[in-house]
């Protein structure tokens, strides 16, 4: 579990009837959207560049990184940022 929150959910019906429910909300980290595989000959530097597109009408934060199995000599930039809304 990444984050949890307790809240009280209240329904107001006609004729002043009220129902109350305790809710516990839980959120987890999402699965990665995509995986990009990069290959290069030994002892030769290689790089890849690509554009990230936001398909939402609001700004969206992104995080980039390597899997735990990746060699520590690999680097990535930027590691995080904000994507402008779609169409901007």
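Quick notes on this structure:
- For beta carbons closer than 7 Å, sequence separation of 6+ or different chains, a first residue in region 8-36 that is under 30 Å from residue 69 (Cβ atoms) and a second that is outside any loop (DSSP other than H, G, I, E, B), the qualifying pairs are 26/4; 27/3.
- Residues in region 23-37 that are surrounded by 10 or more Cβ atoms within 10 Å (Cβ to Cβ) and assigned to a loop (DSSP other than H, G, I, E, B): 32 alone.
Residue-by-condition table, conditions (1) at negative phi; (2) within 16 Å of the chain's Cα centre (by Cα); (3) in a strand (DSSP E or B); (4) surrounded by 10 or more Cβ atoms within 10 Å (Cβ to Cβ):
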site: 11; (1), (2), (3), (4): yes, no, yes, no
site: 15; (1), (2), (3), (4): no, no, no, no
site: 21; (1), (2), (3), (4): yes, no, yes, no
site: 54; (1), (2), (3), (4): yes, yes, no, yes
site: 58; (1), (2), (3), (4): yes, yes, no, no
site: 69; (1), (2), (3), (4): yes, no, no, no
site: 73; (1), (2), (3), (4): yes, no, no, no
site: 77; (1), (2), (3), (4): yes, no, no, no
site: 88; (1), (2), (3), (4): yes, no, no, no
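A short reminder: the numbers here are calculations on the coordinates, not readings from a lab. Note that the structure is predicted; figures quoted are calculated from it, not measured. When we count neighbours, we look across all protein chains shown, and the Cβ atoms used for this are built from the backbone with ideal geometry, even at glycine.
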